Amino acid sequence: MRVVAAPDKFKGTITAREAARAIGHACWEAGIDCTEVPMADGGDGLLDVLGGPNKTAVVTGPLGDPITAAWRLHRDTAVIEMAQASGLVAAGGIDGNDPLDATTMGTGELIDQALDHGAKRIIVGLGGSATTDGGFGAIRAINAIPRLKQVELLVACDVTTPFLRAAEVYGPQKGASPAHVKMLTGRLERLAQMFIQEFGFDVTTIDGGGAAGGLGGALAALGGQLMPGFELVADEVDLYDHLEIADLLITGEGCLDSTSFDGKVVGGLTALAHEMDVPIAAIVGTADADAVARFGTHLRVVSLVDEFGDERALREPRQCIEQATATLLAEFG
């Protein structure tokens with residue numbers, strides 16, 4: 001048997017790389033070959049699965065204070081996770097954030113640094129933002145916009161929300177009140193006009209323009225190609241080649257629900273495994289029974305909480321994943 005271990009992160013407990021290692025360890029203990037391919041959907045965790053950071057920079061944080069952000073540069077390709085510079089966690093969460101003033105300036109500064117270091121290809125992941133500034137801060141921080149338009153700019157996102165709905169859809173998750181949402185939407189409308197005037201690009205017409213509070217639209221205006229994060233990562237890690245010779249695919253994430261099947265890793269892998277006729281199983285922290293019944297027809301699901309209880313699943317996620325993997329290997333073997 002040849003297994004591919006391709007989990008997402010278990011948010012708050014274990015990274016995708018650590019989860020893949022736990023699955024791989026259980027496979028090797030059973031004498032089974034395993035290829036570890038940790039995955040992400042374009043949000044936080046993207047940097048880790050694409051090789052991990054090898055550079056840091058002090059940039060403007062989401063609330064204007066200096067912050068140290070990690071990023072990666074390897075063989076002319078830069079990987080930037082906007083949450084590192086402009087993320088909600090960096091802003092202190094929903095209670096610490098200032099939804100009206102949160103800025104993407106630090107993300108723009110990272111892009112500018114990548115250009116200064118000679119990057120010919122830049123990947124930007126948009127998940128986990130604190131911002132609804134329409135990408136204005138990022139654009140103003142990029143000093144080399146003409147040079148940016150000469151490189152390949154790939155923008156990973158897992159939503160299709162249009163630019164003008166960014167505040168309405170995501171503002172409340174970032175601490176915005178109804179009054180804030182109205183003000184932010186008005187700002188996005190004015191920015192959309194500015195993008196037409198400055199760059200000749202209508203950000204309101206593209207899917208995903210509202211990702212990261214409109215940063216998706218702003219980067220598209222600068223020549224960026226918005227891509228589903230799962231597909232971008234799958235290409236980067238050669239997932240399709242690995243699955244060609246796989247007998248079993250094991251994926252996973254922290255919480256499996258209906259959103260897992262809408263642009264996320266588990267849903268993308270389930271569809272791909274069905275298409276390629278590869279059996280697939282998911283080890284998850286918790287699983288919504290309705291979502292499994294509705295979307296998981298071709299997916300064997302193991303919930304760590306159901307199998308081992310809340311306390312142990314949170315305290316010993318690696319050991320629980322290993323044990324769940326061993327059970328699956330016996331079942332599919």
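Values as computed for the structure displayed
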{"item": "Considering residues of the range 275-291 that are more than 22 Å from the chain's Cα centre (by Cα) and assigned to a helix (DSSP H, G or I) only, the residue nearest to Gly333 (Cα to Cα)", "result": "Met276"}
{"item": "Hits in the range 274-296 (condition: within 24 Å of His242 (Cβ to Cβ), surrounded by 18 or more Cβ atoms within 10 Å (Cβ to Cβ) and at pLDDT below 95)", "result": "Phe295, Gly296"}
{"item": "Exclusive hit being closer than 18 Å to Asp41 by Cβ and touching a strand residue (DSSP E or B) at 6+ places or on another chain (Cβ under 7 Å), set Val266, Val292, Val278", "result": "Val266"}
{"item": "Selected residue (criterion: surrounded by the most Cβ atoms within 10 Å (Cβ to Cβ)) from residues of the range 159-175 that are of a type in the set (Ser, Thr, Tyr) and farther than 15 Å from Gly87 by Cα", "result": "Thr161"}
{"item": "Of all residues in the range 100-145 being touching an Asp or Glu at 6+ places or on another chain (Cβ under 8 Å), small (Gly, Ala, Ser) and on the phi < 0 side of the Ramachandran plot, the one that is surrounded by the fewest Cβ atoms within 10 Å (Cβ to Cβ)", "result": "Ala144"}
{"item": "Qualifying residue in the range 14-35 (condition: over 24 Å from Glu322 (Cα atoms), in contact with a Pro (Cβ under 8 Å, 6 or more places away or on another chain), in a strand (DSSP E or B) and hydrophobic (A, V, I, L, M, F, W, C))", "result": "no"}
{"item": "Whichever residue in the range 176-223 is surrounded by fewer than 17 Cβ atoms within 10 Å (Cβ to Cβ) and at positive phi and, among such residues, is nearest to the chain's Cα centre (by Cα)", "result": "Gly223"}
{"item": "Residue match in the range 38-59 (condition: farther than 30 Å from Tyr240 by Cα, part of a loop (DSSP other than H, G, I, E, B) and either at pLDDT 95 or above or assigned by TED's automatic domain parsing to the domain that holds Lys264 (or both))", "result": "no"}
{"item": "Answer from Leu329, Leu299 - the residue that is out of contact with any Ser or Thr (no Cβ under 9 Å at 6 or more places or on another chain) and either within 30 Å of Thr205 (Cα to Cα) or crowded, with 21+ Cβ neighbours inside 10 Å (or both)", "result": "Leu329"}
{"item": "Top-ranked residue in the range 60-75 [being at pLDDT 95 or above and either acidic (Asp, Glu) or loosely packed, with under 15 Cβ neighbours inside 10 Å (or both); ranked as farthest from Val89 (Cα to Cα)]", "result": "His74"}
{"item": "Test: residue in the range 234-251 that is polar (S, T, N, Q), surrounded by fewer than 16 Cβ atoms within 10 Å (Cβ to Cβ) and at pLDDT 95 or above", "result": "no"}
{"item": "The listed residue being touching a residue at least 12 places away in the same chain (Cβ under 8 Å), closer than 19 Å to Leu314 by Cα and touching an Asp or Glu at 6+ places or on another chain (Cβ under 9 Å), out of Ala20, Ala40, Ala6", "result": "Ala20"}
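The values are calculated or read from the model by the stated rules, or taken from the named source; none is laboratory data. All figures in this text were calculated on a predicted structure; none of them were measured in a lab. A quick note on method: Cβ atoms are made from the backbone with ideal geometry, for glycine too, and the neighbour counts reach across all protein chains shown.
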